[in-house]
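Report on the following structure.
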Amino acid sequence: MIQNEQAVELLQDIIRIRTENDHETEVANYLQALLTEHGIDSELIELEPGRSNLVAEIQCGSSEKTLGISGHMDVVKAGNHDLWQHAPYAAEIVAGKLYGRGSTDMKGGLMALVIAMIHAKEKQQFNGRIRLLATVGEETGEPGARQLSDLGYADDLNGLLVAEPFNNHILYMHGGSYNYKIKSYGLSAHSSTPQKGQNAIQHLRDFMLVIQEKIDQVIAQYENAKLGRTIHSITLIDGGVQLNSIPEYAEYQANARTIPEFDNDQLTHLLQTTVDEMNALDKGYHFEFELLADMPTVVSDPNSDLIQVIHQVSHQDNIELLALPGTTDTAQFQRNNPNMDVAIYGPGDVNIAHQIDEYIEVDDYLAFIPTFVSIMETYLS
Ligand SMILES: [Zn+2]
């Protein structure tokens, strides 16, 4: 068993490794050595030089039930170190707070998971498999999680526990959000001779009618049990310059709330195809599609076995189930396994992530280690 004093030193060590959007292999090597010392095999999966994910798995009993545990090894930039009262890579402890870039987001959660995995291996009181997925690049587009997911490492997970900091609450859903713009180019003319122009507003109206009909079909066809159906709203419109001139330009912007059954990529395809089809008609149309924001969706059952287990073992009666905007690696792991249980639950205060003088409460970090062991043993019982 790793005692508390050593658990704190292990966390300090990985905070001292500077993984600002790069160099995660150094943390992966450190964790691999720690796991090897405790009889756990692991493998590095390289995304690019200097940036390797780490995967490790332990098995106990005959069950094939598999719990994924995940954390990212990258941190956001510390910025100007002079602005920090506690140097960002010194891992100083003052008055019960361990300071450092990545302490709360999320080397604290990651190291708590790794130590819990070691304890679970030593205790041999679970029945199934525990797979560690330590990733690169979560803060910059989640390419590490995407790579592991595309290689199949999430395909057979029954549940995924991601130790991001949410103030001891559980995030179980990310709403998908998708913003786009359609631009309509026409030709100006005097409004007494509209046949000499191309009315960009009338063209845009035609597009809006066609796309709404197509999206209504999507809405009718696809439904998610928790999030419901796709929502599509045109929310901004702009066009024309003068009352007696045929408008040469018009645009609208729209927001969609997406569900896994008809995801952001499918929506992009629908919009681009519609633009291409209408531009090919002999009607003077000239539309362009622009993607403004693409946040993938995570959906899971708030009453899943994994979340029930967390309620059962955490001894906290004030845990809230959160559904928030923003994204985590979960979005990438869920691409290839949409039905797994998901709980994003770890030590630390989300409000001080990415801040100057980021810290984690040492007691909060240490308390999560036995909690994570209990989650593993109860979920895989
Ligand atoms: Zn994070």
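For a quick check of understanding: with a 1.4 angstrom probe and all protein chains in place, what accessible area in square angstrom does Phe289 have, to the nearest ten?
For Phe289, solvent-accessible area is about 40 Å².
Which net charge results when you count Lys and Arg as +1 and Asp and Glu as -1 among the other residues whose beta-carbon is under 12 Å from that of Ala116? Present the calculation step by step, with values, prior to reporting the outcome.
Working: positive: Lys121, Lys123; negative: Glu122, Glu377.
My count for the surroundings of Ala116 gives 0.
When the chain is fully extended, how far beyond the present Cα-Cα distance does Leu292 get from His269, taking 0.36 nm per residue of separation? Let's see the in-between values first.
Numbers: separation 23, 0.36 × 23 = 8.28 nm, distance 1.45 nm.
Here the answer is 6.8 nm.
Considering only protein heavy atoms, what per residue accessible area in square angstrom results for the range 75-197 with a 1.4 angstrom probe? Intermediate results must be reported in sequence, preceding the final value.
Values: 4170 Å² over 123 residues.
That works out to 34 Å² for each residue.
Express the C-alpha Rg of the range 1-141 as a ratio against the empirical globular expectation 2.2 N^0.38 Å, rounded to two decimals. Each step should come with its number before you reach the end.
Numbers: Rg = 15.5 Å, N = 141, 2.2 N^0.38 = 14.4 Å.
Compactness ratio reported: 1.07.
Which value, in Å² and to the nearest 10, is the accessible area of Tyr99 when all protein chains are kept and the probe is 1.4 Å?
30
Once you keep just the Cα pairs under 8 angstrom separated by 6 or more residues, what percentage relative contact order results for the range 176-295?
Working: 228 pairs, mean separation 50.8, N = 120.
Relative contact order, the range 176-295: 42 percent.
I'd like the distance separating the alpha-carbon centroids of the range 325-354 and the range 176-217, in whole Å.
About 39 Å separates the Cα centre of the range 325-354 from the one of the range 176-217.
Do you know the relative contact order of the chain, to the nearest whole percent, from alpha carbon pairs under 8 angstrom that are 6+ apart?
Details: 845 pairs, mean separation 96.2, N = 381.
In percent, rounded to a whole number, it is 25.
Rounded to the nearest 0.05, what FRET efficiency do Gln195 and Asp82 have when you use their Cβ-Cβ distance and R0 = 41 Å? Working shown, then result.
On the way: r = 67 Å, r/R0 = 1.63.
Taking R0 as 41 Å, the efficiency between Gln195 and Asp82 is 0.05.
Starting from the alpha-carbon convex hull of the chain, give the projected area averaged over all orientations, in nm². Don't jump to the answer; show the numbers that get you there.
Working: hull surface 90.3 nm².
The number I arrive at for the chain is 22.6 nm².
Report relative contact order for the range 1-79 in percent, whole number only (criteria: Cα-Cα under 8 Å, sequence separation at least 6). Each step should come with its number before you reach the end.
Values: 70 pairs, mean separation 25.6, N = 79.
Across the range 1-79, relative contact order equals 32 percent.
Determine the gain in length on full extension of the stretch Ile356-Asn244; use 0.36 nm per residue of separation and subtract their C-alpha separation, reporting nm with one decimal. Let's see the in-between values first.
Working: separation 112, 0.36 × 112 = 40.32 nm, distance 5.56 nm.
Fully extending the segment from Ile356 to Asn244 adds 34.8 nm.
Please report the net charge: other residues with Cβ closer than 11 Å to the Cβ of Glu290, K and R +1, D and E -1.
Working: positive: Lys181, Lys183; negative: Glu251, Glu288.
Counting the neighbours of Glu290, the net charge comes to 0.
Whole Å is fine, so just give me how far the alpha carbon centre of the range 25-81 lies from that of the range 218-249.
44
Given C-alpha coordinates of the range 187-264, what is the ratio Rg to Rh with the Kirkwood estimate of Rh?
On the way: Rg = 16.9 Å, Rh = 14.4 Å.
Ratio value, two decimals: 1.18.
Can you compute the modelled spin-label distance between Gln221 and Ile237, with each label point 7 Å from Cα toward Cβ, in nm?
Those two pseudo-labels are separated by 2.6 nm.
Report the semi-axes of the equivalent ellipsoid for the range 53-107 in whole Å, largest first, where each axis is √(5λ) for an eigenvalue λ of the Cα gyration tensor. Could you put the intermediate results ahead of the total?
On the way: eigenvalues 244, 36, 11 Å².
Three semi-axes, in Å: 35, 13, 7.
So, with a 1.4 angstrom probe, what is the percent of accessible area on the chain that is carbon and sulfur?
On the way: 7680 of 16480 Å².
Carbon and sulfur together cover 47 percent of it.
The range 160-222: Rg/Rh from Cα coordinates, Kirkwood Rh? Provide the component values of the computation, followed by the final result.
On the way: Rg = 22.0 Å, Rh = 16.4 Å.
Rg divided by Rh gives 1.34.
Considering only the chain, what is the antiparallel percent among its DSSP beta bridges, to the nearest 5? Write down the numbers at each step before the final one.
Details: 50 of 70 bridges.
Percent antiparallel among DSSP bridges in the chain is about 70.
Enter the accessible area of Ser192 (Å², nearest 10), with the probe set to 1.4 Å and all protein chains included.
Here the accessible area works out near 80 Å².
The values are calculated or read from the model by the stated rules, or taken from the named source; none is laboratory data. As the structure is a computational prediction, the values presented were derived from the model and not from experiment. No Cβ is skipped: glycine too gets one built from the backbone with ideal geometry, and neighbour counts run over all protein chains shown. The protein model used for the area step is the full one, side chains on, heavy atoms only, and it has no ligands, DNA or RNA in it. Shrake-Rupley method; radii C 1.70, N 1.55, O 1.52, S 1.80 Å.
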